[in-house]
1. In this structure, is B:Ile116 over 16 Å from the mean Cα position of the chain (by Cα), crowded, with 17+ Cβ neighbours inside 10 Å and within 11 Å of another protein chain (Cβ to nearest Cβ)?
2. Could you list all residues from region A:74-88 that are aromatic (Phe, Trp, Tyr), modelled with pLDDT under 90 and not in a loop (DSSP other than H, G, I, E, B)?
3. Among (1) at pLDDT 95 or above; (2) more than 21 Å from B:Val76 (Cβ to Cβ), there is one condition B:Lys35 misses while meeting the rest; what is its number?
4. Taking region B:109-140 as the region of interest, how many residues are out of contact with any helix residue (DSSP H, G or I) (no Cβ under 7 Å at 6 or more places or on another chain), outside any loop (DSSP other than H, G, I, E, B) and of a type in the set (S, T, N, Q)?
5. Which pairs turn up if I take residues in region B:2-17 that are within 21 Å of B:Glu38 (Cα to Cα) and look for partners that are among the small types (Gly, Ala, Ser) and part of a helix (DSSP H, G or I) with beta carbon separation below 8 Å, at least 6 apart in sequence or on another chain?
6. Could you look through region B:82-108, keep only residues that are in contact with a helix residue (DSSP H, G or I) (Cβ under 7 Å, 6 or more places away or on another chain) and surrounded by 17 or more Cβ atoms within 10 Å (Cβ to Cβ), and pick out the one that is farthest from the other protein chains (Cβ to nearest Cβ)?
Amino acid sequence: MRRLLRAKDRMDAASHEKWPVSRLCRVSGVSQAHFARSFKDAFGVPPHRYLLTRRIEKATALLRDTDRPITDIVFETGWSSMGTFGRTFRDVTGESPTQFRARIKATPQKPEQVPACHLAAAYRPDLTIAVSEKRRQEADPKITPEETEVP
Amino acid sequence: MSQGVGVVGLYVRDQDEALQFYVDKLGFRVHTDVKNGEFRWLTVQHPEQPSFQLGLFKPQPPVIDAATAQSVHEIVAKGAMPPLVLIVDDCRAAFDRMRSSGVEFTQDPIDRYGTIDAGFRDPSGNGWKMIQAREERRTK
């Protein structure tokens, strides 16, 4: 468990990098066969989806706290293209990066009292289902999605 | 000050290991270390904060039952315990010193509009933020 946490910490520290399961296994010293399942058992989400939430979290922080162009933010947070980022961001948060930035900038806040990392964690999306699953549900809300990630 | 919070406890997986970490690597001092059978009341103190003790407790029977103790161990190892903050005067210097003594850092020092913070974990998995406050706020 403590080893899995090490892998999670490394993703936290460098969420813009690529984290294939093989690399996570090297960091944590857990065998590749068991890694994804043990990670999901421990933290509730599969490693890839966890990485996604960290990237979205970082992007929302940069959108909120800086005036940097969105293209910069996309590259810095590790996405391969603008399109992927925009689509994923909208699917996860329900608004486009531009809308999010406009809304959050319009409401003045006083976050200085909260340590930055905990503020970031509070803005982390809570992804209980896969993004693709969420897209499908929104496209046709009548269909109950099949559980695709039975361990 | 005579009223206020005196002890806050952390759950640790091994009290000897935690003691060594907090004393040798973080520079805390032992305040109380008393054994009663299997139970060990262990608290440490920051050298500049004599009114506060940090407890290093092992989740174990008979205080809590064995199954609950096991769950608590897992929760700590997952890093799911609440945040801890250590205030320092010089985050980068403390980072260099602690890292060279083998502290596991999860985040290198980052400057955020004047405050500098870094993240580390104790051997059990408890996550700490180490924060150097802005000059004007420190004098408050």
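The values are calculated or read from the model by the stated rules, or taken from the named source; none is laboratory data. Because the structure is a prediction, the values reported are computed rather than measured. As a convention, Cβ positions derive from the backbone with ideal geometry for all residues, glycine included, and neighbour counts pool all protein chains shown.
1. So B:Ile116 passes the test.
2. If the condition is that a residue be aromatic (Phe, Trp, Tyr), modelled with pLDDT under 90 and not in a loop (DSSP other than H, G, I, E, B), then A:Phe75 is the only one that fits.
3. Of the numbered conditions (1) at pLDDT 95 or above; (2) more than 21 Å from B:Val76 (Cβ to Cβ), the odd one out for B:Lys35 is (1).
4. 1
5. B:Leu10/B:Ala18; B:Val12/B:Ala18; B:Arg13/B:Ala77
6. B:Met98
Yes or no, residue by residue, for (1) touching a helix residue (DSSP H, G or I) at 6+ places or on another chain (Cβ under 6 Å); (2) assigned to a loop (DSSP other than H, G, I, E, B); (3) surrounded by 14 or more Cβ atoms within 10 Å (Cβ to Cβ):
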site	(1), (2), (3)
B:Val8	no, no, no
B:Lys35	no, no, no
B:Trp41	no, no, yes
B:Val44	yes, no, yes
B:Gln49	no, yes, no
B:Leu56	yes, no, yes
B:Ala67	no, no, no
B:His73	no, no, yes
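Conditions (1) part of a helix (DSSP H, G or I); (2) exposed (fewer than 14 other Cβ atoms within 10 Å of the Cβ); (3) among the polar types (S, T, N, Q), marked per residue:
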position	(1), (2), (3)
A:Asp9	yes, no, no
A:Lys18	no, yes, no
A:Val30	no, no, no
A:Ser38	yes, no, yes
A:Leu52	yes, no, no
